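Student: Sharing a structure here in structure tokens format.
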Amino acid sequence: MIKEFKEFIARGNVIDLAVGVIIGSAFTAIVKSLTNNLINPLIGIFLGRIDLSNLKVSIGDATFKYGAFLNSVINFFIVAIVVFFLVKIINKVANNKPEEEVEETPEASEQYLAEIRDLLKEQAKNK
């Protein structure tokens, strides 16, 4: 069982996934900071409030924190936009690699047919 676990962990996909999760977590922290410290105050200037996360509506005993939801939506859109551009750049770089020119060699049957054709043309000229 330990051997199988070692083989599972040693696979490249698992390591790539782990790196992606770690970088994603760090990136999420950066996006939260960007939203809370830069974007929310900018939006707050227009709404007259500095902190959107404190926006809420109370109905009876229920409290709806729509400001926190707005923060989450803003965070999602920032992450989605950055991931979109990253994927677009990666695809562009991956597709711009110069392809090696591969000489197409005709199959043996095509070569034989071409030789027969050429011989028939020579015979027709000699007649």
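The values are calculated or read from the model by the stated rules, or taken from the named source; none is laboratory data. Just so you know, these numbers come straight off a predicted model, no measurement behind them. FYI the Cβ positions are ideal-geometry reconstructions off the backbone, even for glycines, and counts take in every protein chain you see.
Student: Any residue in segment 113-127 that is within 30 Å of Ala26 (Cβ to Cβ), out of contact with any Ser or Thr (no Cβ under 8 Å at 6 or more places or on another chain) and exposed (fewer than 10 other Cβ atoms within 10 Å of the Cβ)?
Tutor: Looking for residues that are within 30 Å of Ala26 (Cβ to Cβ), out of contact with any Ser or Thr (no Cβ under 8 Å at 6 or more places or on another chain) and exposed (fewer than 10 other Cβ atoms within 10 Å of the Cβ), one finds none in segment 113-127, hence no.
Student: With the requirement that a residue be assigned to a strand (DSSP E or B) and of a type in the set (Val, Ile, Thr), what does segment 36-86 give you?
Tutor: If the condition is that a residue be assigned to a strand (DSSP E or B) and of a type in the set (Val, Ile, Thr), then Val57, Ile59, Thr63 are the ones that fit.
Student: Still on this structure, I have one more. Please work out which one of (1) touching a Leu at 6+ places or on another chain (Cβ under 8 Å); (2) among the β-branched types (Val, Ile, Thr); (3) loosely packed, with under 10 Cβ neighbours inside 10 Å is the condition Ile43 fails and give its number.
Tutor: Going through the list (1) touching a Leu at 6+ places or on another chain (Cβ under 8 Å); (2) among the β-branched types (Val, Ile, Thr); (3) loosely packed, with under 10 Cβ neighbours inside 10 Å, Ile43 breaks only (3).
Student: Under 9 Å between Cβ atoms, at least 6 apart or on separate chains: pull out the pairs that start in segment 23-36 with a residue that is of a type in the set (Phe, Trp, Tyr) and end on any residue that is surrounded by 13 or more Cβ atoms within 10 Å (Cβ to Cβ).
Tutor: Partner pairs satisfying both residue conditions: Phe27/Val79; Phe27/Val82.
Student: Residue check, Leu34 against (1) surrounded by 10 or more Cβ atoms within 10 Å (Cβ to Cβ); (2) farther than 15 Å from Ile74 by Cβ; (3) at pLDDT 80 or above, all met but one. Which one?
Tutor: Result: Leu34 fails condition (2) only.
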